[in-house]
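S.K.: Sharing a structure, written as C-alpha cells. Questions coming.
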There are 2 protein chains.
Amino acid sequence: MTASELPPLPRLPSREEARGRRPARKRALSREAIAAAALAIVDREGLDALTMRTVARYMGTGAASLYAHVASKDELLELVIEQVIGEIELPGEPDPERWQEQLKELARTIRTVFSRHRDLARASFARIPLGENGLRGTDWMIAVMRAGGLPDQVIAYACDLFPLYVTAVCYEESLYGAETSTEDIAQFFDGMRHYFASLPPDRFPNVVSLAGPLTAGDFEGDDRFEFGLDVLLRGVAAMANQAR
Amino acid sequence: MTASELPPLPRLPSREEARGRRPARKRALSREAIAAAALAIVDREGLDALTMRTVARYMGTGAASLYAHVASKDELLELVIEQVIGEIELPGEPDPERWQEQLKELARTIRTVFSRHRDLARASFARIPLGENGLRGTDWMIAVMRAGGLPDQVIAYACDLFPLYVTAVCYEESLYGAETSTEDIAQFFDGMRHYFASLPPDRFPNVVSLAGPLTAGDFEGDDRFEFGLDVLLRGVAAMANQAR
DNA sequence: ACCTGAACACCGTTCAAGT
DNA sequence: ACCTGAACACCGTTCAAGT
C-alpha cells in the first residue's frame, strides 16, 4: 500500500512552489488514520460535511493539527480517493474472447464502489489516478484491450475515455443523494416527462414527441449506464483494425 | 429569451419547500443584470471568484440585496449557464447524409463556447439543461439523429450521453486554468510520460510500455477530444438497426 | 415594496506560542 | 519535533431595521 517505491508524481507547478515550501514530514500511520476518518465522514454525511474541522473533531483535535500530516484538504481528498480506488476489484485474467465484457465488468464495479461512498465521485472526477491503485487498474485495462487486439493509441485514449464516462455517470448519480428516496427520483422523472410533453410543440416538436424515451430508464435499473457502455465498446471495437 | 411561456420546471423536492418559502418577486431586468455581472466575473477571474459578495460589489451593493432577485447562488449559476448555452450556435438544417458530422460540429461548438468562459464548465456539469436554450439544442440533436434513422430510445439516451461527454471534457480541460501556460501543460505531460516510463516494469508492464501513447495528444490539438467523438458516433451508429 | 448593515454559522489555512 | 488556540480572510444566507 505504500507509494514509497514509485517515482515522484508529476504535477502542474503551484504558486507556493516559488517560495520554497517544504512538504511537512509525515508519519504514515497518522496519514492513514486521517484518511480513514475523512472517509468515515463522507460515508456518513456526504462530501459537503467533509471539512478539516469535522475531520479534526472526529479525531479529537483541532483542524490545525492535521496540517502536520497532510499538506491541504486537496491532498486529503486525494488520499481518500486512492483508498476507495483500492476497493475496486479487477475482473479475472484478460481473456481475448471476452475483452469487451470484461471491460464492462470493471466499469460496473467502479460504479458500485463509488455508490458505496455517497457523493465522493464528485471529488474524484477530473483527477488522473496516478497512485498505486489507479495504476493497477490502468495496467489491467491496457492488458485487456491488448488481448482484444486494439492499436496502441486507441488503447491509450480509451484508458482515459472509459474512466471519464464511468466517473461522470457516478458524479451525476451522486446528485440524487442518499436523502433522496427512490420515489422522489421517480417523481422527478415523471415531472420531467410531463414538462417535456407540455412544451410548445411548434418550438420543440422533437422534445415533445420524445418525452417518453427521454425520461425512460428507471434509475433503479442500469439502462442508461449500460447504454453508454455499449456505445463506448462498440465504438472502440470499430477501431480495432484501423490506423489512428 | 423569456421563459414565461414554458411550463414550470420539474424539481427534486427541497428542504425549504416544507416551510412554505415563496420565491421572491423578481424584476427581469435585474436578474439579467446580475447574471451579466456574474458572467463577467467568471470570465475575468474564474469560477472561484464568483461570490455573492463579488457580484454585489461589482454592482455597487451588498450581497444581501441580490436575494431580492435571485433565490440562491445556485439559481444565479443556473442563469449564467443558461445564458452561455445560448451562445451555442447550432449547425445548419439536419442533413441525413451528414448527421454524424453535424453532431460532431455541435460538440465542437459547445467545447469552444465553454472554453471562452474559463472554468464555468465545472458548474455546468451534471445539470440537466431544461431552459429555452438547452431545449433548443436537445430538439436539434433529436432532429439530426432522426435524420440519421436511429431508433427513438437510442436517440433519447444519446441526448444525455453526448452532452455528458462534451461537458466532462470541458470540465477536465478547465482545470488547466487560464493561468497555466501551454508550456506548463506540455511539461506536465512530459513529466507524466517520464513517470509512467520509470514505474517498476514488473508491476506495471503495460503502463510502462504504453507511456508514450498514454501521454500523447497535444493539448493544443484536439486528438483526445476527437477520439471520444469518433467512438461515440461509431457506437451510436452501430445501433441504427437494432432493437434496444 | 425594495434595499441593506450587521450578524450567524460556517470555511481553509497560518502562525506564534506552548510542550 | 510535534501540537494547538486564536486569528485571518473569507463564505452563503438571514433578518431586523431602514427608506
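The values are calculated or read from the model by the stated rules, or taken from the named source; none is laboratory data. Please read all numbers here as calculations on a predicted model, not as lab measurements. Using ideal geometry, Cβ is built from the backbone for each residue, glycine included, and neighbour counts are taken over all protein chains shown.
S.K.: Anything in the stretch A:84-111 that is among the polar types (S, T, N, Q) and surrounded by fewer than 19 Cβ atoms within 10 Å (Cβ to Cβ)? List them, or say none.
M.R.: As a first pass, look at the stretch A:84-111 and keep what is among the polar types (S, T, N, Q): A:100, A:102, A:109.
Those that are among the polar types (S, T, N, Q) and surrounded by fewer than 19 Cβ atoms within 10 Å (Cβ to Cβ): A:Q100, A:T109.
S.K.: Name the pairs whose Cβ atoms lie under 6 Å apart, with the first residue in the stretch B:149-161 and closer than 19 Å to B:L229 by Cα, the second in a loop (DSSP other than H, G, I, E, B) and of a type outside the set (G, A, S), and 6 or more positions between them or separate chains?
M.R.: So the pair list comes out as B:V154/B:M239; B:V154/B:R244; B:A156/A:L210.
S.K.: Tell me, yes or no, whether the stretch A:167-184 has at least one residue that is at the interface with another protein chain (Cβ under 7 Å from one of its Cβ atoms) and over 26 Å from A:R44 (Cα atoms).
M.R.: Residues of the stretch A:167-184 at the interface with another protein chain (Cβ under 7 Å from one of its Cβ atoms): A:168, A:171-172, A:175, A:180, A:184.
Of the ones still in play, those that are also over 26 Å from A:R44 (Cα atoms) are none.
Among the residues of the stretch A:167-184, not one is at the interface with another protein chain (Cβ under 7 Å from one of its Cβ atoms) and over 26 Å from A:R44 (Cα atoms), which makes the answer no.
S.K.: When the residues of the stretch A:40-63 are filtered to those that are modelled with pLDDT under 95, in a loop (DSSP other than H, G, I, E, B) and of a type outside the set (V, I, T), which remaining residue is farthest from A:R116 (Cα to Cα)?
M.R.: A:G62
S.K.: Output the residue which, of all residues in the stretch A:64-95 that are assigned to a loop (DSSP other than H, G, I, E, B) and within 16 Å of DNA strand D (Cβ to nearest atom), is nearest to A:F125 (Cα to Cα). Walk me through how you get there before you give the answer.
M.R.: Here is the first cut: in the stretch A:64-95, the residues assigned to a loop (DSSP other than H, G, I, E, B) are A:67-72, A:86-95.
From what is left, the residues that are within 16 Å of DNA strand D (Cβ to nearest atom) are A:67-72.
Values: A:Y67: 24, A:A68: 27, A:H69: 24, A:V70: 21, A:A71: 21, A:S72: 18 Å.
Across the stretch A:64-95, the extreme among qualifying residues is A:S72.
S.K.: Give the residue, chosen from A:P94, A:P129, that is outside the structural domain of A:V166 (by TED's automatic domain parsing) and either touching a Ser or Thr at 6+ places or on another chain (Cβ under 9 Å) or of a type outside the set (D, E) (or both). Outline the logic, then answer.
M.R.: Working: A:P129 fails: outside the structural domain of A:V166 (by TED's automatic domain parsing).
Of the residues listed, the single one that is outside the structural domain of A:V166 (by TED's automatic domain parsing) and either touching a Ser or Thr at 6+ places or on another chain (Cβ under 9 Å) or of a type outside the set (D, E) (or both) is A:P94.
S.K.: Could you tell me which numbered condition B:F204 fails, if it satisfies all but one of (1) touching a residue at least 12 places away in the same chain (Cβ under 8 Å); (2) at the interface with chain A (Cβ under 9 Å from one of its Cβ atoms)?
M.R.: Every condition holds for B:F204 apart from (1).
S.K.: Conditions: (1) farther than 15 Å from A:V236 by Cβ; (2) within 14 Å of chain B (Cβ to nearest Cβ). A:S115 meets all but one. Number of the miss?
M.R.: A:S115 satisfies all of (1) farther than 15 Å from A:V236 by Cβ; (2) within 14 Å of chain B (Cβ to nearest Cβ) except (2).
S.K.: Just the residues that are farther than 16 Å from A:L90 by Cβ and at the interface with chain B (Cβ under 8 Å from one of its Cβ atoms), please, taken from the stretch A:129-153.
M.R.: A:L130, A:D152, A:Q153, listed by residue number.
S.K.: If I ask for residues that are more than 8 Å from DNA strand C (Cβ to nearest atom) and either within 14 Å of another protein chain (Cβ to nearest Cβ) or loosely packed, with under 15 Cβ neighbours inside 10 Å (or both), which ones from the stretch B:55-69 would you list?
M.R.: Selection gives B:R57 alone.
S.K.: Turning to a different aspect of this structure: For a quick check of your reading: which helices (runs of 4 or more DSSP H) sit entirely within the stretch A:141-244 and have at least 1 residues that are among the acidic types (D, E) and assigned by TED's automatic domain parsing to the domain that holds A:A107?
M.R.: The qualifying helices (runs of 4 or more DSSP H) are A:152-174, A:182-197, A:223-237.
S.K.: In the stretch B:216-238, what residues are of a type outside the set (D, E, K, R) and at pLDDT 95 or above? Quick ask: steps written out before the conclusion?
M.R.: Step one: list which residues in the stretch B:216-238 are of a type outside the set (D, E, K, R), which gives B:216-217, B:219, B:221, B:225, B:227-229, B:231-233, B:235-238.
If the condition is that a residue be of a type outside the set (D, E, K, R) and at pLDDT 95 or above, then B:F225, B:F227, B:G228, B:L229, B:V231, B:L232, B:L233, B:G235, B:V236, B:A237, B:A238 are the ones that fit.
S.K.: Assuming A:L50 fulfils every condition listed in (1) within 16 Å of DNA strand D (Cβ to nearest atom); (2) more than 27 Å from A:D222 (Cβ to Cβ) apart from one, which condition is it?
M.R.: Answer for A:L50: the failing condition is (1).
S.K.: Another question about this same structure. Applying the selection to the stretch A:112-123, what residues are surrounded by fewer than 19 Cβ atoms within 10 Å (Cβ to Cβ) and of a type in the set (D, E, K, R)?
M.R.: A:R116
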